[in-house]
Amino acid sequence: MLWSLLKILVFVAIVALLALGAGILMETAGGVQITVAGTEYTLGALQSVMALVVLVLLVWLFFKLLSLLVATLRFLNGDETALSRYFDKGREAKGYQALSDGMMALASGEGRLALAKASRAARYLEKPELTDLLTAQAAEMAGDTKKAAEAYKRLLGNQNTRFVGIRGIMKQKLSDGDTDTARQLAEKALALRPKHEEVQDTLLHLQARAEDWAGARKTLATKLKTGTLPRDVFKRRDAVLALSASRGVIEKGATIEQQEQAIEANRLSPDLVPAAAMAARAYIARDKTRNAVRILKKAWEAQPHPDLAHAFAEVAPTESAAERVKRFGQLARLKPHDEETRLVMAELNIVAEDFPEARRALGDLVERAPDARAFTLMAAIERGEGASDAVVQGWLTRALNAPRGPQWICDSCNHIHAEWVPVCENCSSFDTLSWRRPETPEIASATGAHMLPLIGSRPPADRPDDMPEAELIAPDMAETEDQVSEDETDPAAETAQEADQKG
């Protein structure tokens, strides 16, 4: 209503200005004198303006007729589209104007307006590669996914716009959660445009989620070949993919092929902890313990980790506790001041019942880097040295309330994982897990069993068949933890213990 009123007011104002101008010209003295064939014509001011307007219109009409004459001559000379092009010039101008307006509306975030302009451009122009693309993007912005899908499907029919159509449908399938179809479309899109970085990343992500490790390695090689991935990052991620390809089969029983993939993963990235541990186990399965030890030493020197200690223990599974302490000295000498080295050596000495040496190995970790594992080891040392139950229970109480140490944490979403995986379980990011302490410490569980790396065991002769794995590490420690759990949950047990002490 207001817009209509405004247009009426503007029209009245223009008419009034024209009338005012005509009145002024009529009252103005003088004019223009024109002599034609000896005859002189005198025009007043108003007549002069009108004559000028008529002259401009005649010139415009002359050029139009001249263009029509030229188009007719070309048609007569064999150009069959000359006349159609002449009459379509106006439609083409309107179409391009609508197309330009639609692109501006799209850039401004006005999806409905862009969709209307796209429809107008499609009526005037015979260029579906332009109008269909604008229609698809405008429909997506306006929330009309069905219309967008129809436009993308029309783009598939033209070889020049086929990639755009496939990419558009792929993104729609991703939004709908149809990752299998999206992965197939991404493979087709990459075949058309191997250098397209977005499609490369999307396909790599989908292949990793689908555990298509062989396909993911091909995509990764394409990224390296096209220059969208640095070589050092390529080597690291290629190692992750090779390791991932070997994990599934090794869990069910290692084959020669999977062992080779694990070894290749370690070769590509020697500092990747899971790759080093798995490669070492592959060599152990082949009775090549020297190769396994060499790999584990190199990885330990880069980053000490409980998984490496597990694998190093598997090199000689039947050795005694004292022999194990001596053999692990090879790792301790590589990183003598590292926290993991000191924790491992303290635990091994506890199993060997050398509690003073275990205390020396643990050092000041309970003050400098307090976590559940350090407190639990300290409780075991106190128990082994004959300290009172109150002292042992005090350390275990601190352990049960302390945060855990370093864990596998996603760098993208900070999700904590129980073990290393190539794809984050929370945000599906690829190769984003790192071994570090969480920013928000996690409280340890009440059992305390997961605090210790299961790296040690007693010789087969001393090992009862039905003894839990946690008790095989440090039986005194496991017994003490069970006692604390019972005492904390059973008041009657606590009362009975006090009565015994008084007696």
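Using beta carbons and a limit of 7 Å, which pairs, at least six apart or on different chains, have the first residue in region 289-315 and more than 16 Å from residue 268 (Cα to Cα) and among the acidic types (Asp, Glu) and the second one surrounded by fewer than 18 Cβ atoms within 10 Å (Cβ to Cβ) and at pLDDT 90 or above?
301/334; 301/335
Please pick out the residue among 401, 414 that is in contact (Cβ under 8 Å) with a residue 40 or more places away in the chain and within 37 Å of the chain's Cα centre (by Cα). Step through it out loud before you land on a result.
Working: 414 fails: in contact (Cβ under 8 Å) with a residue 40 or more places away in the chain.
One residue alone meets the criteria, 401.
Evaluate the following for residue 202: is it at pLDDT below 90 and among the β-branched types (Val, Ile, Thr)?
no
Before we move on, is residue 186 part of a helix (DSSP H, G or I), in contact (Cβ under 8 Å) with a residue 24 or more places away in the chain, farther than 26 Å from residue 111 by Cα and not basic (Lys, Arg)?
So residue 186 fails the test.
Which residue out of 193, 183, 154, 162 is surrounded by 21 or more Cβ atoms within 10 Å (Cβ to Cβ), out of contact with any Cys (no Cβ under 7 Å at 6 or more places or on another chain) and either within 28 Å of residue 223 (Cα to Cα) or of a type outside the set (A, V, I, L, M) (or both)?
Values: 193 fails: surrounded by 21 or more Cβ atoms within 10 Å (Cβ to Cβ); 154 fails: surrounded by 21 or more Cβ atoms within 10 Å (Cβ to Cβ); 162 fails: surrounded by 21 or more Cβ atoms within 10 Å (Cβ to Cβ).
That would be 183, the only listed residue that is surrounded by 21 or more Cβ atoms within 10 Å (Cβ to Cβ), out of contact with any Cys (no Cβ under 7 Å at 6 or more places or on another chain) and either within 28 Å of residue 223 (Cα to Cα) or of a type outside the set (A, V, I, L, M) (or both).
Taking residue 381 and the conditions (1) surrounded by fewer than 20 Cβ atoms within 10 Å (Cβ to Cβ); (2) in contact with a helix residue (DSSP H, G or I) (Cβ under 8 Å, 6 or more places away or on another chain); (3) modelled with pLDDT of 90 or more; (4) not in a loop (DSSP other than H, G, I, E, B), which numbered condition does it fall short on, given that it satisfies the others?
(1)
Which of (1) closer than 28 Å to residue 350 by Cβ; (2) in contact with a helix residue (DSSP H, G or I) (Cβ under 7 Å, 6 or more places away or on another chain) does residue 430 not meet, given it meets every other one?
Residue 430 satisfies every listed condition except (1).
Which condition does residue 260 not pass, out of (1) surrounded by 21 or more Cβ atoms within 10 Å (Cβ to Cβ); (2) among the acidic types (Asp, Glu); (3) farther than 24 Å from residue 384 by Cα, if it passes all the others?
(1)
Given the criterion over 29 Å from residue 210 (Cβ atoms), assigned to a helix (DSSP H, G or I), basic (Lys, Arg) and at pLDDT below 85, identify the matching residue among 117, 94.
94
Taking only region 408-421 into account, find how many residues are at pLDDT below 90 and crowded, with 18+ Cβ neighbours inside 10 Å.
Qualifying residue count for the region: 1.
Which ones in region 120-154 are outside any helix (DSSP H, G or I) and of a type in the set (Lys, Arg)? Let's see the steps before the verdict.
Of region 120-154, the ones outside any helix (DSSP H, G or I) are 125-127, 143-144.
Once the filter is applied, which keeps residues that are outside any helix (DSSP H, G or I) and of a type in the set (Lys, Arg), region 120-154 yields only 127.
Please identify the pairs in which a residue from region 254-267 that is under 12 Å from residue 244 (Cα atoms) has its Cβ atom under 6 Å from the Cβ atom of a residue that is modelled with pLDDT under 75 and surrounded by fewer than 17 Cβ atoms within 10 Å (Cβ to Cβ), counting only partners at least 6 apart or on another chain.
Every condition considered, the pairs that remain are 258/249.
In region 278-288, which residue that is of a type outside the set (Val, Ile, Thr) and over 14 Å from residue 266 (Cα atoms) is surrounded by the fewest Cβ atoms within 10 Å (Cβ to Cβ)?
Residue satisfying both the conditions and the ranking: 287.
Answer yes or no: is there a residue in region 263-277 that is at pLDDT below 80, surrounded by fewer than 21 Cβ atoms within 10 Å (Cβ to Cβ) and either closer than 22 Å to residue 424 by Cα or out of contact with any Leu (no Cβ under 6 Å at 6 or more places or on another chain) (or both).
So far as region 263-277 goes, yes, one or more of its residues are at pLDDT below 80, surrounded by fewer than 21 Cβ atoms within 10 Å (Cβ to Cβ) and either closer than 22 Å to residue 424 by Cα or out of contact with any Leu (no Cβ under 6 Å at 6 or more places or on another chain) (or both).
If you take the residues of region 155-169 that are in a helix (DSSP H, G or I) and either aliphatic (A, V, I, L, M) or modelled with pLDDT under 90 (or both), which of them is farthest from the chain's Cα centre (by Cα)? Can you show your working first?
Here is the first cut: in region 155-169, the residues in a helix (DSSP H, G or I) are 155, 162-169.
Of the ones still in play, those that are also either aliphatic (A, V, I, L, M) or modelled with pLDDT under 90 (or both) are 155, 164, 166, 169.
Details: 155: 28, 164: 22, 166: 21, 169: 20 Å.
Going through the qualifying residues, I end up with 155.
Among the residues of region 179-197, what is the count of those that are more than 19 Å from residue 156 (Cβ to Cβ), within 16 Å of the chain's Cα centre (by Cα) and not β-branched (Val, Ile, Thr)?
Total meeting the criteria: 1.
For residues in region 1-26 being surrounded by 10 or more Cβ atoms within 10 Å (Cβ to Cβ) and at pLDDT below 70, which is nearest to residue 49 (Cα to Cα)?
Among those that are surrounded by 10 or more Cβ atoms within 10 Å (Cβ to Cβ) and at pLDDT below 70, it is 25.
Pick out the one residue from 208, 221, 239 that is in contact with a strand residue (DSSP E or B) (Cβ under 6 Å, 6 or more places away or on another chain) and at pLDDT 85 or above.
Checking each option against the conditions leaves just 208.
From the list 216, 186, 182, exactly one residue is in contact with a strand residue (DSSP E or B) (Cβ under 9 Å, 6 or more places away or on another chain) and over 30 Å from residue 97 (Cβ atoms). Which is it?
Details: 186 fails: in contact with a strand residue (DSSP E or B) (Cβ under 9 Å, 6 or more places away or on another chain); 182 fails: in contact with a strand residue (DSSP E or B) (Cβ under 9 Å, 6 or more places away or on another chain).
The conditions single out 216.
Taking the residues in region 358-378 that are of a type in the set (Lys, Arg) and under 38 Å from the mean Cα position of the chain (by Cα) as candidates, determine which candidate is surrounded by the most Cβ atoms within 10 Å (Cβ to Cβ).
We begin by selecting, within region 358-378, every residue of a type in the set (Lys, Arg); these are 359-360, 368, 373.
Filter again for under 38 Å from the mean Cα position of the chain (by Cα), leaving 368, 373.
Values: 368: 9, 373: 27.
This residue is 373.
Conditions: (1) of a type in the set (Gly, Ala, Ser); (2) assigned to a loop (DSSP other than H, G, I, E, B); (3) within 22 Å of residue 308 (Cβ to Cβ). Residue 387 meets all but one. Number of the miss?
Among (1) of a type in the set (Gly, Ala, Ser); (2) assigned to a loop (DSSP other than H, G, I, E, B); (3) within 22 Å of residue 308 (Cβ to Cβ), residue 387 violates only (3).
The values are calculated or read from the model by the stated rules, or taken from the named source; none is laboratory data. The structure presented is a predicted model; accordingly, all values stated were derived computationally and were not measured. Neighbour counts run over all protein chains shown; Cβ positions are idealised from the backbone, glycine included.
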